[in-house]
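Notes follow once the structure below has been shown.
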Amino acid sequence: MEGFAGTKRYVVRRELGVGAVGRVYEAWDARRKCEVALKTLVTLSPRSLYRFKSEFRALADIRHENLASLHELVVEGDTWFIVMELVRGIGFAHWVRGPDAHIPPDSTTFLSQDGLPVALEEVEATVESGPASPPPDIDRVRDAVIQLL
């Protein structure tokens, strides 16, 4: 599936990222009156749909400060998506290298200090002209891995 246009209830604002299984979008939930993340399936097949539903069922009732809360599983026409809490933050590579890190652009969404999106051109210019990224901070790596586990 290329690009999800949203629904009457969920107004898609922008794509946040894409992986092997799904695309994630920032959207406005008109019923809840808040921002949410929508994870859609990249490819619709019986196997991918089974895994998608299983992921939702396994995580829907889990509440933890380090996990985005899942709200509901929705089907609209041929599009299946999970509605979840939108969490603003920085990527893992940036976190473990510290606040002065210059991370090369990839599919990550870059946010400024105030949480607003940064244009990819600004990120590329900073990376090209900025110093090399420092190595990961071992204390930050240890803390992050413990939380992941």
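The values are calculated or read from the model by the stated rules, or taken from the named source; none is laboratory data. It should be emphasised that the depicted structure is a prediction, and the values quoted were computed from it without experimental measurement. Cβ placement follows ideal geometry from the backbone for every residue including glycine, while neighbour counts extend to all protein chains displayed. Just so you know, the surface numbers come from the protein's heavy atoms only, side chains and all, with ligands and any DNA or RNA stripped out. Shrake-Rupley method; radii C 1.70, N 1.55, O 1.52, S 1.80 Å.
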For His71, His94, His64, the accessible-area ranking with a 1.4 Å probe, largest leading, is His64, His71, His94
Extension length gain for Val21 and Gln147 (0.36 nm per residue less Cα distance), in nm, is 43.0 nm
Counting sequence-distant residues (5 or more places) and residues on other chains, those with an amide H built under 5 Å from that of Leu16 are Val24, Tyr25, Glu26
Pseudo-spin-label distance Asp29 to Arg88, built 7 Å along Cα→Cβ, given in nm, is 1.8 nm
